[in-house]
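Colleague: Once you've had a glance at the structure underneath, I'll fire off some questions.
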Amino acid sequence: MTNYQSLAGVWQFRQAGAEEWLAATVPGGVHTDLLALGRIPDPFLGDNEKRVQWVAETDWEYRYQFAAAPELLAQPHVWLVADGLDTLATVMLNGRFLAHTNNMFRQYRWDVIDLLQPTDNELLITFASPVQYITAQEAIRTLPGVSQAIPGGPHLRKAPCQFGWDWGPQLPPIGIWKDIRLEGGGGVRLADVHLRQHHADGQVTISAALTLEGRTDEALSARLRIVAPDGEVFEAEAAISADLNLQSTISNPQLWWPNGYGPQPLYHITINLRQGDAELDSRGYQLGLRTLELRQESDTWGRSFEFVVNGVRIFAKGSNWIPADSFPTRISDEYLETLIRGAAETHQNMLRVWGGGFFEEERFYDLCDRYGILVWQDFIFSCSVYPLDDPDFLENVRLEVEENVRRLRHRASLALWCGNNEMEWGWVDWGWKQRPDLDDMKAAYDRFFHHTLPAWCAAEDPDTAYWPSSPSSDTPFENPNGQQQGDAHYWDVWHGRKPFTAYRSQYPRFMSEFGFQALPPLATIRTYADEADWNMTSYIMERHQKNDSGNSLMVGQMLDTFRLPKDFPSLVYLSMALQAEGIRYGVEHWRRAQERVAGTLYWQLNDCWPVASWSSLDYFGRWKALHYAARRFYAPLLLSIEDAPPRQGIYLTNDRCDGWEGRVTWSLETLDGAALAAGEAAAQVEALAAAHVKTLDFADIVTDDNRRSLTFIAELWQDDELVTRQTAFFAPTKHLRLTDPAITAVCRQEEETLHMVLNGRSLARLVELSLNEADVVFSDNYFDLPAGRPTTITCPLPPGWNLSQAEAALQIRSVYDSF
């Protein structure tokens, strides 16, 4: 039986060359340890980021003194196992050198049985400055990278965004960022377990190919044990042979489905390696039973790009995931689940783990398995040229790829391996090919991402599709953002300053990145900016905007849509409403074209620090307007309006596996609720399809004089139940003749839930609800409230609150209040 001794907990650390040892926490890092001791200011406040740059420019030492557990010392082998060292580490045990490490994405393991003693062991890990290292390497060989980052990041296998990005600070962590421990065992251990599943004739056969490390003359056996969600047990056992492959067949499998398509039952798998009655080693997994393919077939528009799960074509609804904290050891289990659950609650079924971060920890993929979130997994290369012609660099990457593919390949949530983020696009359009000194690097890129890396993936995980880059047409260096095949990133609305209507000119086969920025909620801005700095062009606000001219781009697009806000809180509100409206406009268009477009992943789900960014959930997990909008535009049954004044087209999109029938009512009315025209139409849509219900032309009613006073309202009904409502207009919001809607809210409490019935005497555009001094998620928010249409909204009552407190704290804002 393998024995473990944790080495996590209270360590000591110091700046290299210093006398004083200070208390440290492992897993952790230098920044968080210094912060806990009050030795540095909070890097997220004000402009403190620049005041702590010295930390990553310095070498550091960590030490741990311990006694070895007697049961460990009795084992033939004891390994020191470090799941994550960030990044340039020299490891010594009891004065003996073990290794230099240079990859934060790898696990390191050393047999230390000959170095351990019963007591007074000292483990010393010295971390060299990553900034000094990449700066020295960059001076030798300049590699194109990200303008917002400390130059040289591609030289080091460390999360690229930690050196800075256009939404993230330059705060590269240093330290032991994952678990560290001693593992004791016999002469043989499980080096690798490859779980696969074969679906045929309504049954699923699970196989486990075992690879052993070590030697013994004793007879060994292995057992595969599968516990179904209902408790039924399936087992297989066999004596060890050269190529052991255990198998067990499940006759009535419970299939795993992406969020919104069915449940997520998980089977628990245990592999035991035994010598007689003694257990030598074991591994445990959770497994969802499903088939998954990336289907690419010729069609009317070129070649499809569709994820198919259990034979069902999935429309991928989701977003892009970045590391959830600049200091990842601060991410709690509770916070991580809040983010993943937030994606699931908005009907998302896919997250793209973006290639500028890192391979996530097991708990991330556990949550994605549980919540039905498919994972598009980038390898960790992004927006840069890497030294892929360096044999040592390449071997380091090979071990990194092997380890992480083996670690994740069994996951029900794993949908795709993708080579990199935007690097093929860089070679085509970013000027890299104009540099003669990079000619060999383009060839190295071609070799690696189109030949070497896919071969490594196929060898380790033949069941998961590989894609060379995002975006890519899968034809090297040809039209990476094309509309005929592959995936696309569309940034002309943000970086190119095109209007939101430009989204409707795009019909990608799969839209894997697009986005628009917003400020975070005011409660979050308060955490880093004093009220004196509440101005879009203030020094502090621009320190928390990492995209060049980002605040100007936000304001420019804002003034195309809304009137000039009257104050800073109104500007914050309008920035979030603008982001939500823009992304909604694109997603609804692409979902109407779902036979052509197979998925949309907006940029981005989350933040790594409090900042103006493209996220829908801010650093504290607060829902921005975009996140509420996502819950509407990603709904399984979507009612949308294709507005082309004076025409208004009504559409249904259905992601469910069965058809839907109901009715649509519509009305053309003034902003104060007087109907000028109204009607009703039967509505039906097939499973996994979109349908045009009706297009209405109001050319004989809408004039230049009255168009600013009109709204078009469509409501979707099933029997007598209102399913959803949509509104559209005939003039930009800034030109509407909005009047004070005088919104009333009648509140009541039912157990721990607050119910609010809202009503207005005229249309209220983009109604925002909040509870002062409390963070809650409302059943809906940032919605239009037409005149005379009472709408009920609910939210959890904050712990300890009563109805009168909630009524006093309730704040209601609409566009009318912003100018």
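Colleague: List the strands (runs of 3 or more DSSP E) that sit entirely inside the range 23-109 and contain at least 1 residues that are touching a Phe, Trp or Tyr at 6+ places or on another chain (Cβ under 7 Å) and open to solvent by 40 Å² or more (accessible area, probe 1.4 Å). Even if it seems obvious, please write down each step before you answer.
Modeller: Working: elements: 60-66, 77-82, 88-93, 96-102.
Per the criteria, 60-66.
Colleague: Taking the conditions exactly as written (at pLDDT 95 or above, farther than 21 Å from ALA191 by Cα and either assigned to a loop (DSSP other than H, G, I, E, B) or hydroxyl-bearing (Ser, Thr, Tyr) (or both)), does ALA136 satisfy them or not?
Modeller: Values: at pLDDT 95 or above: yes; farther than 21 Å from ALA191 by Cα: yes; either assigned to a loop (DSSP other than H, G, I, E, B) or hydroxyl-bearing (Ser, Thr, Tyr) (or both): no.
Criteria not met by ALA136.
Colleague: Go through (1) in a strand (DSSP E or B); (2) crowded, with 19+ Cβ neighbours inside 10 Å and name the single condition PRO741 misses.
Modeller: Only one criterion in (1) in a strand (DSSP E or B); (2) crowded, with 19+ Cβ neighbours inside 10 Å is unmet by PRO741, namely (1).
Colleague: Still on this structure, I have one more. Consider the range 391-423. How many of its residues are closer than 26 Å to PHE477 by Cβ and part of a loop (DSSP other than H, G, I, E, B)?
Modeller: Here the count works out to 3.
Colleague: Can you tell me which residue among ALA529, ALA502 is modelled with pLDDT of 95 or more and more than 19 Å from HIS589 (Cα to Cα)? First the steps, then the outcome.
Modeller: On the way: ALA502 fails: more than 19 Å from HIS589 (Cα to Cα).
Among ALA529, ALA502, only ALA529 is modelled with pLDDT of 95 or more and more than 19 Å from HIS589 (Cα to Cα).
Colleague: Regarding the range 698-715, can at least one residue be identified that is among the acidic types (Asp, Glu), surrounded by 16 or more Cβ atoms within 10 Å (Cβ to Cβ), out of contact with any helix residue (DSSP H, G or I) (no Cβ under 9 Å at 6 or more places or on another chain) and part of a strand (DSSP E or B)?
Modeller: The first filter runs over the range 698-715 and keeps only residues among the acidic types (Asp, Glu), leaving 700, 704-705, 715.
Cutting the leftovers down to surrounded by 16 or more Cβ atoms within 10 Å (Cβ to Cβ) gives us 715.
Add one more test, that the residue is out of contact with any helix residue (DSSP H, G or I) (no Cβ under 9 Å at 6 or more places or on another chain), and what stays is 715.
Okay, now just the ones that are also part of a strand (DSSP E or B), so 715.
Yes, the conditions are met somewhere in the range 698-715.
Colleague: On to the next question. For the structure I just gave you, tell me whether MET441 is among the aliphatic types (A, V, I, L, M), touching a Cys at 6+ places or on another chain (Cβ under 9 Å) and more than 30 Å from GLY372 (Cβ to Cβ). Reasoning before the result, please.
Modeller: On the way: among the aliphatic types (A, V, I, L, M): yes; touching a Cys at 6+ places or on another chain (Cβ under 9 Å): no; more than 30 Å from GLY372 (Cβ to Cβ): yes.
For MET441, the condition - among the aliphatic types (A, V, I, L, M), touching a Cys at 6+ places or on another chain (Cβ under 9 Å) and more than 30 Å from GLY372 (Cβ to Cβ) - is not met.
Colleague: For the range 1-11, what are the residues that are part of a strand (DSSP E or B) and either of a type in the set (D, E, K, R) or closer than 17 Å to LEU85 by Cβ (or both)?
Modeller: Going through the range 1-11, the residues part of a strand (DSSP E or B) turn out to be 3-6, 9-11.
Across the range 1-11, the qualifying residues are SER6, GLY9, TRP11.
Colleague: Specify the residue that is farthest from TYR445 (Cα to Cα); the eligible residues are those in the range 368-390 that are open to solvent by less than 10 Å² (accessible area, probe 1.4 Å) and assigned to a helix (DSSP H, G or I).
Modeller: ASP369
Colleague: Using the structure shown, decide if ARG592 is surrounded by 19 or more Cβ atoms within 10 Å (Cβ to Cβ) and basic (Lys, Arg). It would help to see each step written out before you state the result.
Modeller: Working: surrounded by 19 or more Cβ atoms within 10 Å (Cβ to Cβ): yes; basic (Lys, Arg): yes.
Yes, satisfied.
Colleague: Across the range 496-505, which residue is nearest to ALA598 (Cα to Cα) among those that are in contact (Cβ under 8 Å) with a residue 24 or more places away in the chain and of a type outside the set (Lys, Arg)? Give the derivation first.
Modeller: Within the range 496-505, the subset in contact (Cβ under 8 Å) with a residue 24 or more places away in the chain is 497, 499-501, 503-504.
Still in the list and also of a type outside the set (Lys, Arg): 499-501, 503.
Values: PRO499: 23, PHE500: 20, THR501: 20, TYR503: 15 Å.
Among those residues, the one meeting the criterion is TYR503.
Colleague: Let me ask another. Please name all residue pairs, on different chains or six or more residues apart, with Cβ atoms under 9 Å, provided the first residue is in the range 415-427 and is open to solvent by 10 Å² or more (accessible area, probe 1.4 Å) and the second residue is of a type in the set (Asp, Glu) and in a strand (DSSP E or B).
Modeller: Pairs that qualify, where the first residue is open to solvent by 10 Å² or more (accessible area, probe 1.4 Å) and the partner is of a type in the set (Asp, Glu) and in a strand (DSSP E or B), are GLU422/GLU513.
Colleague: Has the range 611-620 got at least one residue that is at pLDDT 95 or above and open to solvent by 10 Å² or more (accessible area, probe 1.4 Å)?
Modeller: Of all residues in the range 611-620, those at pLDDT 95 or above come to 611-620.
In the following step, the residues that additionally are open to solvent by 10 Å² or more (accessible area, probe 1.4 Å) were identified as 619-620.
Yes; the residues of the range 611-620 include at least one that is at pLDDT 95 or above and open to solvent by 10 Å² or more (accessible area, probe 1.4 Å).
Colleague: Also, quick follow-up: Find all pairs meeting these conditions: Cβ atoms under 7 angstrom apart; at least six residues apart or on different chains; first residue within the range 191-209 and of a type in the set (Lys, Arg); second residue open to solvent by less than 30 Å² (accessible area, probe 1.4 Å) and in a strand (DSSP E or B).
Modeller: Close Cβ pairs (under 7 Å, with a partner that is open to solvent by less than 30 Å² (accessible area, probe 1.4 Å) and in a strand (DSSP E or B)) amount to ARG196/SER207.
Colleague: Of all residues in the range 36-49, count the ones that are without any contact (Cβ under 8 Å) to a residue 60 or more places away in the chain and under 27 Å from the mean Cα position of the chain (by Cα).
Modeller: Of the residues in the range 36-49, 2 are without any contact (Cβ under 8 Å) to a residue 60 or more places away in the chain and under 27 Å from the mean Cα position of the chain (by Cα).
Colleague: Filter the range 471-499 down to the residues that are touching a Ser or Thr at 6+ places or on another chain (Cβ under 8 Å), under 20 Å from GLY586 (Cα atoms) and open to solvent by 50 Å² or more (accessible area, probe 1.4 Å) and list them by number.
Modeller: GLN484, the sole residue that qualifies.
Colleague: Select the strands (runs of 3 or more DSSP E) contained entirely in the range 281-326, then report the ones holding at least 3 residues which are within 23 Å of the chain's Cα centre (by Cα) and not polar (S, T, N, Q).
Modeller: Working: elements: 292-295, 306-309, 312-314, 316-321.
Result: 292-295, 306-309, 316-321.
Colleague: Oh, and also: Test TYR651 against the criterion of being over 18 Å from the mean Cα position of the chain (by Cα), outside any loop (DSSP other than H, G, I, E, B), closer than 27 Å to ALA682 by Cβ and not basic (Lys, Arg), and give yes or no. Step through it out loud before you land on a result.
Modeller: Working: over 18 Å from the mean Cα position of the chain (by Cα): yes; outside any loop (DSSP other than H, G, I, E, B): yes; closer than 27 Å to ALA682 by Cβ: yes; not basic (Lys, Arg): yes.
Criteria met by TYR651.
Colleague: A further question on this structure: Considering only residues of the range 610-637 that are of a type in the set (S, T, N, Q) and in a loop (DSSP other than H, G, I, E, B), which is nearest to ALA683 (Cα to Cα)?
Modeller: We begin by selecting, within the range 610-637, every residue of a type in the set (S, T, N, Q); these are 613, 615-616.
Of the ones still in play, those that are also in a loop (DSSP other than H, G, I, E, B) are 615-616.
On the way: SER615: 34, SER616: 32 Å.
Looking at the filtered set, the residue picked out is SER616.
Colleague: Related question: From HIS100, HIS77, grab the single residue that is touching a strand residue (DSSP E or B) at 6+ places or on another chain (Cβ under 9 Å) and within 28 Å of LEU156 (Cα to Cα).
Modeller: Values: HIS77 fails: within 28 Å of LEU156 (Cα to Cα).
The match here is HIS100.
Colleague: Output the number of residues of the range 621-657 satisfying the condition of being open to solvent by 10 Å² or more (accessible area, probe 1.4 Å) and within 24 Å of GLU542 (Cβ to Cβ).
Modeller: 1
Each row is one residue, and each column tells you yes or no for (1) open to solvent by less than 40 Å² (accessible area, probe 1.4 Å); (2) modelled with pLDDT under 95; (3) closer than 17 Å to VAL397 by Cβ.
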| position | (1), (2), (3) |
| --- | --- |
| ARG411 | yes, no, no |
| GLY431 | yes, yes, no |
| ASP437 | no, yes, no |
| ALA444 | yes, no, yes |
| ARG447 | no, no, yes |
| PRO454 | yes, no, yes |
| ALA459 | no, no, yes |
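Colleague: Does ASP533 qualify as being open to solvent by 20 Å² or more (accessible area, probe 1.4 Å) and charged (D, E, K, R)? Even if it seems obvious, please write down each step before you answer.
Modeller: On the way: open to solvent by 20 Å² or more (accessible area, probe 1.4 Å): yes; charged (D, E, K, R): yes.
Considered against the rule, which asks whether it is open to solvent by 20 Å² or more (accessible area, probe 1.4 Å) and charged (D, E, K, R), ASP533 comes out as yes.
Residues checked against (1) modelled with pLDDT under 95; (2) in a loop (DSSP other than H, G, I, E, B); (3) open to solvent by less than 20 Å² (accessible area, probe 1.4 Å); (4) acidic (Asp, Glu):
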residue	(1), (2), (3), (4)
ILE113	no, yes, no, no
GLN117	no, yes, no, no
THR126	no, no, no, no
VAL131	no, no, yes, no
LEU143	no, yes, yes, no
GLN148	no, yes, no, no
GLN162	no, no, yes, no
PRO169	no, yes, yes, no
PRO172	no, yes, yes, no
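Colleague: Moving on to the next point. Suppose we filter the range 291-346 for residues that are free of Cβ contacts under 8 Å to residues at least 12 places away in the same chain and within 26 Å of ASN606 (Cα to Cα); how many remain?
Modeller: Final tally of qualifying residues: 3.
Colleague: Name, by its number, the condition in (1) assigned to a strand (DSSP E or B); (2) open to solvent by less than 30 Å² (accessible area, probe 1.4 Å) that does not hold for GLY342.
Modeller: (1)
Residue-wise test of (1) among the polar types (S, T, N, Q); (2) assigned to a helix (DSSP H, G or I); (3) at pLDDT below 95.
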position: ASN535; (1), (2), (3): yes, no, no
position: MET541; (1), (2), (3): no, yes, no
position: MET554; (1), (2), (3): no, yes, no
position: PRO565; (1), (2), (3): no, no, no
position: MET576; (1), (2), (3): no, yes, no
position: GLN579; (1), (2), (3): yes, yes, no
position: TRP590; (1), (2), (3): no, yes, no
position: CYS608; (1), (2), (3): no, no, no
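Colleague: For residues that are acidic (Asp, Glu) and in contact (Cβ under 8 Å) with a residue 40 or more places away in the chain, scanning just the range 534-562, find the one that is farthest from ASP607 (Cα to Cα). Let's see the steps before the verdict.
Modeller: Of the residues in the range 534-562, the ones acidic (Asp, Glu) are 542, 548, 560.
If we keep only those that are in contact (Cβ under 8 Å) with a residue 40 or more places away in the chain too, we end up with 548, 560.
Details: ASP548: 18, ASP560: 27 Å.
Filtering first and then ranking leaves ASP560.
The values are calculated or read from the model by the stated rules, or taken from the named source; none is laboratory data. Fair warning: this is a prediction, and the values are worked out from it, not measured in the lab. Ideal geometry is used to build each Cβ from the backbone, glycine not excepted, and the neighbour counts take in all protein chains shown. Calculation scope for accessible area: heavy atoms of the full protein, side chains included, ligands and nucleic acids excluded. Shrake-Rupley method; radii C 1.70, N 1.55, O 1.52, S 1.80 Å.
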